[in-house]
1. As an exercise, identify the trypsin sites (Lys or Arg not before Pro) in the range A:236-324 lying in DSSP coil whose Cβ has no more than 16 other Cβ atoms within 10 Å.
2. Which whole-angstrom value gives the distance between the alpha carbon centres of the range B:219-262 and the range A:103-149?
3. Give A:K109/B:K147; B:K143/B:K246; B:K84/B:K312 a once-over and call out the pairs whose C-alpha atoms are over 31 Å from each other.
4. Taking one equal scatterer on every alpha-carbon of the protein assembly as shown, how large is log10 of I(q)/I(0) by Debye at q = 0.07, 0.08, 0.09 1/Å?
5. Give the percent of DSSP beta bridges with both residues in chain A that are antiparallel, rounded to the nearest 5.
6. So what's the range B:197-277 giving for Rg/Rh, alpha carbon basis, Kirkwood Rh from the mean inverse pair distance?
7. So what J values fall out for the range A:309-315 if you push phi through Karplus, 6.51 cos²θ - 1.76 cosθ + 1.60 with θ = phi - 60°, rounded to Hz, Gly and Pro as x?
8. Explain nothing, just the number: relative contact order of chain B, from Cα pairs under 8 Å at least 6 residues apart, as a whole percent.
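Throughout, read-outs are computed from the coordinates displayed, never taken from laboratory work. Worth saying up front: this structure is predicted, and the values here are computed from it rather than measured. Neighbour counts are summed over all protein chains in view; Cβ atoms, including those assigned to glycine, are modelled from backbone coordinates with ideal geometry.
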Amino acid sequence: MVTMSYAEAGKQALADEMRRDPLVWAVGEDLGRGGVFGQYKGLVEEFGPDRISDAPISEAAIMGASVGAAMAGTRPVVEMRFADFALCAVDELVNQAAKARYMLGGQTKVPMVIREPMGMWRSSAAQHSQSLESWYTHIPGLTVAAPSTPADNFGLLKSAIRADDPVVYFEHKNLWGLEGEVDEAADPIPFGKARIEREGADITIVAWSAMVHFAREAVNTLAEEGISAELIDLRSLWPWDKDAVLASVGKTGRLIVTHESVSVGGFGAEIAATVSEALFGKLKAPVKRLAAPRIPISYAPPLEDEVRVSPARIAETARAMVSQ
Amino acid sequence: MNSPNTSAPARNVDVARHTDHHKLMHRIRAFETAALKANEEKLVLGAIHPSIGQEAIAAGVCANLRRDDYLLSTHRGHGHTLAKGANANQMMRELLGREGGNSQGKGGSMHIADFSVGMLGANGVVGANINIAAGAAHAIKLKGEDKVSLSIFGDGAINRGPFLEGLNWAKVFELPAVFVCEDNGFASTTRTDAMTAGPGPAARAESLGIPAVTVDGNDVVAVDEAARELVEAARSGGGPRFLVCKTYRLTGHTAADAAPYRPSAEVDEAWKNDPIARCAALLLGAGVSQDELSAHATDATAEMEAVYEDAKAAAWPAIDLAYADVQDIGDPREEANRW
């Protein structure tokens, strides 16, 4: 076990995979200088500029060229810099990368990882703060992951690089500096396996990415009050671990899904619907979603905070549901 | 529109090579004719975009590609795919959405592909193949191979962002990429020049430092010769190259488009510049008999009629294929079964 940051864990996973497979390469703006968040720092020295490749500010070309490079036998890791910027390459991701294998009848696969730093972090306003993970769960052909810890970033990024299909990989910008224990010898973490962050009996809270940490704060508060909450970190949204969620809610009878992205049409709705379909008679309270209002993200801190779901709000909601 | 380059200097006619072109162009036209018949008979249900009139570009360009070179095409891609060496039976089955199609009937005309001959796909999104082709060229460079990656797109594509991004990419990384603009004068059903600023595709490529050549795209010899030089330059490490082939789309945008937006006199005039007839005239002048040339046409028609009959007789794909090849992780049947 080694202590490392979330950013270092991602870097370590990429370096390991690049050593393991010479066909893995990374491409994006400013990678030669370590990437805009330093998550590639030092890699160009080991792997050279062909494999840690700078790119013009051409998101469509970064994504589209990677589709072609993947079809032609390499395994690109695409850096989109901000999830918001990846919207300049949606055709290349949604119409090309996600569809090629199916549309071409299995003649090709498109093994590529699309790293999309997501989420709110200090006053970055509406074009550098979004959490758009639920969009991509809607697209057949894409795998979607959103790790919350250094260990998960290490293990899930390895799985993403080894996957033969495109993986949209959301790292949260507020977590880059988060430190944690990482087992460098651990196997890659498979997609679709949730992590039970905390076991509990009274209510289930499902979260992913940075929201796991807010939810943990709420769980700690609730524990002091004698409420036992089970916290599930989904880790990947497609595929998602239905079995873990249904087993937990089957036990607790109550569910909160919380995410940083907009509530309307968010992935929490899919989870709520699935739980309602499967466990209608066993629910002790209506399923609750705690997510962002459908407003763009503001620059001014007090307005930005309006979009955040706070630990206090999660705890308050859980309290009300348990006392019903 | 173009007129025949009747003042071209006398050339050495490579009879064997241009005979192959002539046969191939007839095969492409016969395939398109059969596809149009299938469309009329409502056996092709989706849109098809015939390449009638543009056969010299497919033949002349692809004659310079090896089987393991990469080709990426457009929605108007039947001719390119045949010219790259794809099997016509599999292609027609794909157009009809039948078992045994190149893509098992899941892609149809606009996504025709045959990876066994390096044809990495036509594309339903205008210009989208340009970045993909640049990326295939990027992989060639990373792997140290001596292949080239060639993309063919229409004149409409030069107004899309990927045109700039992909060409810039190919030049910045000095990739073995050849870009071919099939300039038929129409972007869908609008005259391209009405919607295009500046002097056009070659100037745009040259502005990025990519050498560009413009040829009469209805002259298969000119296309062949230009493509040979450009492909070899790209293959030998010279960086990307650009070819503009001026041509004319003798049919509408799709099989359903009667193209009333252009005067019939213009179309009649364009038929006089038929690339197949021009190639035939060249070969006739070089001593090939009319009987032999006529046989190319009748052979091609017979071949593609049989291809069509075969496709008509083929079964639909197994329903299970609807759930196959989505992705390795997660079984889509599980979701489907919920309902």
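1. A:K284, A:R294, A:R308
2. If we compute the Cα centre of each part, the gap is 37 Å.
3. The pairs that break the limit, which is 31 Å between Cα atoms, are B:K143/B:K246.
4. -0.52, -0.65, -0.79
5. Roughly 25 percent of the DSSP beta bridges within chain A come out antiparallel.
6. Here the Rg-to-Rh quotient is 1.08.
7. 8, 8, x, 4, 5, 5, 5
8. 24
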